[in-house]
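Visitor: First, the structure itself, so that you have it in front of you.
The values are calculated or read from the model by the stated rules, or taken from the named source; none is laboratory data. Just so it is clear, the model here is predicted, and its values are computed rather than measured. A quick note on method: Cβ atoms are made from the backbone with ideal geometry, for glycine too, and the neighbour counts reach across all protein chains shown.
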Amino acid sequence: MQSPWDYPDFDDHEVVHFVTDRASGLKAIIAVHSTHLGPGAGGVRFWHYADSASAISDALRLSRGMSYKNAMAGLPLGGGKAVILADSARTKTPEMLAAYGRAVDGLSGNYVTAEDVGMNVADLVAVSKQTKYVSGLPVAAGAVGGDPGPHTSYGVYLGVRAAVKRALGKDSLSGLHIAIQGAGSVAGGLARLAAKDGAKISVADIDAARAGKLANEVGGATVDPASILTLEADVLSPCALGAILTEESIAALRVPVVAGGANNQLATPADGDRIHARGILYAPDYVINAGGIINVASEYLGDADEAGVKAKIEQIPGRLDTIWDESAATGRNPAAVADTMAQRLIGR
Ligand code: NAD
């Protein structure tokens, strides 16, 4: 049997906790990758895994991703992530959430939890009855916190503008064609901001009604989800799924810029080289999509008001420029450059 140290995704994680609560049936893994910059922060995923090895890999991979993301966002936070292993019926009980909250509390702030796939605000409120090491809770109107989506969209919009400036020498999105994959929270915010600047929007979503509604709102067009990655445009903005940039899809891209909010866009590290080799400017996903975590962090740390959060998000274009500068100077692809910068920041 493989020990956690032998997993390909094991990256000298500081601690990995295996949590069992027999009374509630809770089975969870809390992985803290790095606390070099602060408490390991990242969401908890509630997911039915095919086997426990997949859950361990997910916790290891996602917690390392949070270390990189938080470091590159300039936050005083390390990286951590939890996964709750759901049964096939995805039974989630108050007792289970309470047990999870107690487990987080037992780590005395070494890990700070928040929402991720399969967990909602109400679940986090239940967890918060057991521990103060939680973020992403409902906030009073005007206070910092709440839905990270609009903040992510704002950062992505600023990142798209920076990419357009660099790749096309344009100061505005006016008259440019932006192809957006997804019509959800992040995509919607981006489409509205870009359309306000006079960009032409094409949007694709597997939920056709959702795509139609957004296209209508921003005066854009809908595109078949199967064609969005091969559309000729000025910018492709992936705002739906991960692992969409593969050897095959990269070869078929017809854009000079790829800059979007989706997590883990590159299917493999080699795809970072492939997109770079095609001369397409790529914005590393965890750098451009950090607006949401910046907002969540300020809610937890209580260190910024709305203007302060906005100012931090407005640092995203500068970070992207630093990455692209180093990429241009060294010939390394921007995703690899970002990883190296993040590793340096967390002392690895
Ligand atoms: P969302 O659920 O609101 O929207 C995602 C949309 O993508 C949905 O409308 C869905 O139907 C669509 N979709 C799924 N598969 C598709 C496909 N094959 N083609 C086209 N559309 C497809 O999610 P969101 O919050 O907007 O997040 C979008 C992406 O951004 C995700 O990868 C997420 O991990 C990432 N992200 C989100 C945030 C945030 O603050 N919400 C922060 C960082 C990263």
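Visitor: Please work out which residue is farthest from Ser174 (Cα to Cα), limiting yourself to segment 148-163 and to residues that are among the β-branched types (Val, Ile, Thr) and within 12 Å of the ligand (Cβ to nearest atom).
Guide: Of everything passing the filter in segment 148-163, Thr152 is farthest from Ser174 (Cα to Cα).
Visitor: Confirm whether Leu241 is touching a strand residue (DSSP E or B) at 6+ places or on another chain (Cβ under 7 Å) and of a type outside the set (Ser, Thr, Tyr).
Guide: no
Visitor: Tally up the residues in segment 172-187 that are away from the ligand (no atom under 16 Å from the Cβ) and not hydroxyl-bearing (Ser, Thr, Tyr), please.
Guide: Total meeting the criteria: 4.
Visitor: Could you list, in sequence order, all residues of segment 279-319 that are within 23 Å of Leu253 (Cβ to Cβ) and loosely packed, with under 14 Cβ neighbours inside 10 Å?
Guide: Gly279, the sole residue that qualifies.
Per-residue answers, yes or no, for (1) closer than 21 Å to Met341 by Cβ; (2) of a type in the set (Val, Ile, Thr); (3) free of Cβ contacts under 8 Å to residues at least 12 places away in the same chain:
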{"residue": "Asp12", "(1), (2), (3)": "yes, no, no"}
{"residue": "Ala31", "(1), (2), (3)": "no, no, no"}
{"residue": "Asp51", "(1), (2), (3)": "no, no, yes"}
{"residue": "Asp58", "(1), (2), (3)": "no, no, no"}
{"residue": "Tyr68", "(1), (2), (3)": "yes, no, no"}
{"residue": "Gly74", "(1), (2), (3)": "yes, no, no"}
{"residue": "Gly80", "(1), (2), (3)": "yes, no, no"}
{"residue": "Val83", "(1), (2), (3)": "no, yes, no"}
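Visitor: Something else: For segment 214-228, which residues satisfy the criterion of being closer than 19 Å to Ser249 by Cβ and more than 9 Å from the ligand (Cβ to nearest atom)?
Guide: Hits for segment 214-228 are Val223, Asp224, Ser227.
Visitor: If I ask for residues that are under 20 Å from Ala297 (Cβ atoms) and crowded, with 17+ Cβ neighbours inside 10 Å, which ones from segment 75-100 would you list?
Guide: Leu75, Leu77, Gly78, Gly79, Gly80, Lys81, Ala82
Visitor: What number of residues in segment 259-305 are closer than 21 Å to Gly145 by Cα and within 16 Å of the ligand (Cβ to nearest atom)?
Guide: Of the residues in that region, 18 qualify.
Visitor: I would also like to ask the following. Out of all the residues in segment 181-229, which are of a type in the set (Val, Ile, Thr) and in a helix (DSSP H, G or I)?
Guide: Val186, Val218, Ile228 - these are the residues of segment 181-229 that are of a type in the set (Val, Ile, Thr) and in a helix (DSSP H, G or I).
Visitor: Six or more apart or on different chains, Cβ under 8 Å: which pairs go from a residue in segment 261-274 that's closer than 14 Å to Ala240 by Cα to one that's among the aromatic types (Phe, Trp, Tyr)? Could you list them?
Guide: Matching pairs, first to second residue: Asn263/Tyr286.
Visitor: With respect to Ala211, determine if the residue is modelled with pLDDT of 95 or more, within 9 Å of the ligand (Cβ to nearest atom) and surrounded by 22 or more Cβ atoms within 10 Å (Cβ to Cβ).
Guide: Yes, satisfied.
Visitor: Still on this structure, I have one more. Taking the conditions exactly as written (within 24 Å of Val309 (Cα to Cα), among the hydroxyl-bearing types (Ser, Thr, Tyr) and in contact with a strand residue (DSSP E or B) (Cβ under 6 Å, 6 or more places away or on another chain)), does Tyr111 satisfy them or not?
Guide: Yes, satisfied.
Visitor: Select from segment 234-252 the residues that are part of a helix (DSSP H, G or I) and within 16 Å of the ligand (Cβ to nearest atom) and list them in ascending order.
Guide: Once the filter is applied, which keeps residues that are part of a helix (DSSP H, G or I) and within 16 Å of the ligand (Cβ to nearest atom), segment 234-252 yields Glu248, Ser249, Ala252.
Visitor: Would you check if Val255 is more than 10 Å from the ligand (Cβ to nearest atom) and among the hydrophobic types (A, V, I, L, M, F, W, C)?
Guide: For Val255, the condition - more than 10 Å from the ligand (Cβ to nearest atom) and among the hydrophobic types (A, V, I, L, M, F, W, C) - is met.
Visitor: Given Gly145, Gly118, Gly169, which one is within 15 Å of the ligand (Cβ to nearest atom) and either crowded, with 18+ Cβ neighbours inside 10 Å or closer than 30 Å to Asp325 by Cβ (or both)?
Guide: Exactly one residue qualifies, and that residue is Gly145.
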